[in-house]
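Participant: Input: one structure, supplied below.
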There are 2 protein chains.
Amino acid sequence: MLSREQIIDAAIGLLDSGGEGALTVRALSERLATGSGAIYYHVGNRDQLLDTATETVITSALETESSQAVATPEEEIRRVALALFDAIAEHHQWLATRLTLQIVRNPAGPVTVEIFERIGRQVGALGVPRASWFDATSTLVHYILGAVSQNARMDGDTSGIQPDMDREEFFDATSTAWQELDPENYPFMHAIVGQTKQHDDRDQFLTGIAIVLAGLTHLR
Amino acid sequence: MLSREQIIDAAIGLLDSGGEGALTVRALSERLATGSGAIYYHVGNRDQLLDTATETVITSALETESSQAVATPEEEIRRVALALFDAIAEHHQWLATRLTLQIVRNPAGPVTVEIFERIGRQVGALGVPRASWFDATSTLVHYILGAVSQNARMDGDTSGIQPDMDREEFFDATSTAWQELDPENYPFMHAIVGQTKQHDDRDQFLTGIAIVLAGLTHLR
DNA sequence: ACCTGAACACCGTTCAAGT
DNA sequence: ACCTGAACACCGTTCAAGT
């Protein structure tokens, strides 16, 4: 008998390998050797399936992270942030779009609540005054989700411009394009093009977290 | 004779009033009283049309902002950020998803370049050391885009849960849902539920900018 | 209760044909 | 060069019918 879990797992598989466009009810029911009606019987429509898949992946990413020893608030925030970063950057690029959607449309859902609660507790422990807890946590969450979305590699997604380009080629093409900009009008782009060439996304993400954390101390 | 500009304007009209789902080639060609082939003749496919619409709106939002008197670097960053915030929050919620997509897929395009250049120059003027310009600017841009995406109101979008709920009702439903969470497991959510009730999104966005700017001073 | 799969109402895109 | 619109290959979703 077909189970809800099987459907969600198969859906995540399709999403991971081909992006959101690859998750069609037909492809899914073929992979599961059923009719399309069976999908609707178990998980409702495609949109709900996408939400459930998002929930499953995020919850599991945050769970494996939480099984470690307690640390400083800064360290715990870094862990939560990296758990999201790694989950999206490495396997589930489709999450970049979906995670934002989930939080905007369903702020009372488990995904939003879990992320806010995890980050928010540490904000309190950091010494931020109670009246600023909501602002401080929102700022951290906004930064994390923004950075994580911007860093999602679009490898598996066919909707990119040149599908035959790998990550490095894409990067080279970008820096040469920046170098070809008019230096009169774009002095800054020229100034940073050297730094982009040998930077690491993950390191930069951590630097960003450190900047926001440093900024929070001014709220005291 | 049909022009490229007319098509883009009509597309933005459809997007503003009904979200991404409302932009269909059929609806567009009906509004313009042409055949679907005419669209493809002028603007390529739907995806390119979406990119062009994004570019048009963002460029114009940044242009009207730049026509003001020069100010401090902090003020100029706030202006660019608010120009994006207001454009998305008030008229073009569909941009939240599309802007991120544009930057990820086309970092050499005018949208990415314009935003980075505008923010980046001020980062230099702020006294951030040259070696940190890229990290600092990325952090700001990531925060701005993250916050702006999370704040896009989903009024016109039918894909929301209850379309008959207005902004205030939605907010009330969220805070009561947060209040009903188990206080043992979600102490933080209970602590902030009061603050969410009477907070202003725009003010919170500016507070976030201030936090990141404060954090940047530590890079000196 | 659980599943099938044809049918329906949509899509984006192409392309011969017209002016 | 510019445009038409039928045709094609897809979609998500429903629902009578089967077990």
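Participant: Can you pull out the residues in the stretch B:119-135 that are assigned to a helix (DSSP H, G or I) and either more than 16 Å from the chain's Cα centre (by Cα) or in contact (Cβ under 8 Å) with a residue 60 or more places away in the chain (or both)? It would help to see each step written out before you state the result.
Facilitator: Restricting attention to the stretch B:119-135, the residues satisfying the condition of being assigned to a helix (DSSP H, G or I) are B:119-125, B:130-135.
Within the stretch B:119-135, B:GLY120, B:ARG121, B:GLN122, B:VAL123, B:GLY124, B:ALA125, B:ARG130, B:ALA131, B:SER132, B:TRP133, B:PHE134, B:ASP135 meet the criteria.
Participant: Could I ask something else about it? Is it fair to say A:LEU216 is within 7 Å of another protein chain (Cβ to nearest Cβ), in contact (Cβ under 8 Å) with a residue 40 or more places away in the chain and out of contact with any strand residue (DSSP E or B) (no Cβ under 9 Å at 6 or more places or on another chain)?
Facilitator: On the way: within 7 Å of another protein chain (Cβ to nearest Cβ): yes; in contact (Cβ under 8 Å) with a residue 40 or more places away in the chain: yes; out of contact with any strand residue (DSSP E or B) (no Cβ under 9 Å at 6 or more places or on another chain): yes.
It is true that A:LEU216 is within 7 Å of another protein chain (Cβ to nearest Cβ), in contact (Cβ under 8 Å) with a residue 40 or more places away in the chain and out of contact with any strand residue (DSSP E or B) (no Cβ under 9 Å at 6 or more places or on another chain).
Participant: May I pose another question? If I go through the stretch B:109-127 residue by residue, how many of them are more than 10 Å from chain A (Cβ to nearest Cβ) and either buried (at least 20 other Cβ atoms within 10 Å of the Cβ) or aliphatic (A, V, I, L, M) (or both)?
Facilitator: 4
Participant: Out of all the residues in the stretch A:145-155, which are facing another protein chain (nearest Cβ under 7 Å) and either assigned to a helix (DSSP H, G or I) or surrounded by 21 or more Cβ atoms within 10 Å (Cβ to Cβ) (or both)? Spell out how you get there, then give the answer.
Facilitator: Of the residues in the stretch A:145-155, the ones facing another protein chain (nearest Cβ under 7 Å) are A:145-147, A:149-150, A:152, A:154.
Hits for the stretch A:145-155 are A:LEU145, A:GLY146, A:ALA147, A:SER149, A:GLN150, A:ALA152.
Participant: Further, regarding this structure: Given B:ARG26, B:ARG4, B:ARG46, which one is touching a residue at least 12 places away in the same chain (Cβ under 8 Å), among the charged types (D, E, K, R) and loosely packed, with under 14 Cβ neighbours inside 10 Å?
Facilitator: Values: B:ARG26 fails: touching a residue at least 12 places away in the same chain (Cβ under 8 Å); B:ARG46 fails: loosely packed, with under 14 Cβ neighbours inside 10 Å.
None of the other options fit; the residue is B:ARG4.
Participant: Just the residues that are more than 7 Å from chain A (Cβ to nearest Cβ) and part of a loop (DSSP other than H, G, I, E, B), please, taken from the stretch B:182-202.
Facilitator: Going residue by residue through the stretch B:182-202, those that are more than 7 Å from chain A (Cβ to nearest Cβ) are B:182-185, B:187, B:190, B:193-194, B:197-198, B:200-202.
Matches in the stretch B:182-202: B:ASP182, B:PRO183, B:GLU184, B:ASN185, B:GLN198, B:ASP200.
Participant: Further question: For the stretch A:94-108, does any single residue satisfy the condition of being surrounded by fewer than 16 Cβ atoms within 10 Å (Cβ to Cβ) and within 27 Å of A:ILE7 (Cβ to Cβ)?
Facilitator: The initial filter retains those residues of the stretch A:94-108 that are surrounded by fewer than 16 Cβ atoms within 10 Å (Cβ to Cβ), namely none.
No, every residue in the stretch A:94-108 fails to be surrounded by fewer than 16 Cβ atoms within 10 Å (Cβ to Cβ) and within 27 Å of A:ILE7 (Cβ to Cβ).
Participant: Next question. Report those helices (runs of 4 or more DSSP H) wholly inside the stretch B:28-104 carrying at least 2 residues which are more than 16 Å from DNA strand C (Cβ to nearest atom) and modelled with pLDDT of 95 or more.
Facilitator: Working: elements: B:36-43, B:46-66, B:73-86.
Filter on the stretch B:28-104 gives B:46-66, B:73-86.
Participant: Going through A:THR139, A:THR56, A:THR97, A:THR72 one at a time, which residue ends up being closer than 28 Å to B:PHE85 by Cα and away from DNA strand D (no atom under 16 Å from the Cβ)?
Facilitator: On the way: A:THR56 fails: closer than 28 Å to B:PHE85 by Cα; A:THR97 fails: away from DNA strand D (no atom under 16 Å from the Cβ); A:THR72 fails: closer than 28 Å to B:PHE85 by Cα.
One residue alone meets the criteria, A:THR139.
Participant: Can I ask one more? State which residue is farthest from B:ALA87 (Cα to Cα) when the search covers only the stretch B:2-27 and only residues that are more than 14 Å from every other protein chain (Cβ to nearest Cβ) and near DNA strand C (Cβ under 9 Å from one of its atoms). Outline the logic, then answer.
Facilitator: Initial filter on the stretch B:2-27 (more than 14 Å from every other protein chain (Cβ to nearest Cβ)): B:2-18, B:22-27.
In the following step, the residues that additionally are near DNA strand C (Cβ under 9 Å from one of its atoms) were identified as B:22-27.
Values: B:ALA22: 19, B:LEU23: 19, B:THR24: 22, B:VAL25: 24, B:ARG26: 27, B:ALA27: 24 Å.
Ranking the candidates gives B:ARG26 first.
Participant: For a quick check of your reading of the model, give me the residue pairs whose first member lies in the stretch B:93-105 and is within 7 Å of chain A (Cβ to nearest Cβ), whose second is surrounded by fewer than 22 Cβ atoms within 10 Å (Cβ to Cβ) and at pLDDT 95 or above, with beta-carbon atoms closer than 8 Å and at least 6 apart or on different chains.
Facilitator: Going by the 8 Å Cβ cut-off, the qualifying pairs are B:THR97/B:GLU20; B:ILE103/B:VAL111.
Participant: Does any residue of the stretch A:203-217 turn out to be over 24 Å from the mean Cα position of the chain (by Cα) and in a helix (DSSP H, G or I)? Give the steps one after another, and end with the answer.
Facilitator: So the first thing to find is which residues in the stretch A:203-217 are over 24 Å from the mean Cα position of the chain (by Cα), and the list is A:217.
Keeping just the survivors that are in a helix (DSSP H, G or I) gives A:217.
Looking for residues that are over 24 Å from the mean Cα position of the chain (by Cα) and in a helix (DSSP H, G or I), one finds at least one in the stretch A:203-217, hence yes.
Participant: When you look at B:ALA10, is it within 12 Å of DNA strand D (Cβ to nearest atom) and farther than 27 Å from B:LEU206 by Cα, yes or no? Spell out the reasoning first.
Facilitator: On the way: within 12 Å of DNA strand D (Cβ to nearest atom): no; farther than 27 Å from B:LEU206 by Cα: yes.
Against the criterion (within 12 Å of DNA strand D (Cβ to nearest atom) and farther than 27 Å from B:LEU206 by Cα), B:ALA10 does not qualify.
The values are calculated or read from the model by the stated rules, or taken from the named source; none is laboratory data. Computed from a predicted model, the values in this text were never measured in an experiment. Don't worry about glycine lacking a Cβ; one is built from the backbone with ideal geometry, like all the others, and counts go over all protein chains shown.
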